[in-house]
């Protein structure tokens with residue numbers, strides 16, 4: 001069966017993974033920053049805004065491996081997009097919102113790439 005919900009990100013880890021232990025399981029929560037760059041008409045490199053992506057990992061081996069990555073490490077992450085509902089109050093009224101995150105199932109250190117002119 002094909003997995004049509006696949007996400008691949010290459011970016012820098014924002015901080016060391018936060019390891020969370022509950023009665024049911026242990027998992028890791030971490031974030032990746034990505035910034036797109038492109039060349040303008042004059043052949044100068046320009047960067048767009050940095051986007052932060054929230055990720056979680058449930059595989060015990062992956063949770064353990066994530067402990068080794070320090071802030072700023074360039075990673076390549078493969079996973080799937082997941083949504084969760086949560087409630088907040090706005091002027092005393094409960095509002096349900098959705099949050100998107102990526103459930104990582106593969107994380108590797110990515111090579112640093114140098115922009116060429």
Simple spin-label model, 7 Å along Cα-to-Cβ: residue 100 to residue 50 in nm?
-> 2.0
Take the Cα atoms of the range 4-85, find their three principal axes, and give me the spread along each one in whole Å, biggest first.
-> 57, 30, 20
If the label point is 7 Å along Cα→Cβ of residue 58, which residues in the range 65-92 have backbone nitrogen under 16 Å from it?
-> 79-85
Simple spin-label model, 7 Å along Cα-to-Cβ: residue 70 to residue 110 in nm?
-> 2.0
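No value in this document is a laboratory result; all are computed from the given coordinates. Treat the numbers as computed from the prediction; the structure is a model and nothing was measured. Because the Cβ atoms are built from the backbone with ideal geometry, glycine has one as well, and the counts that use them run over all protein chains shown.
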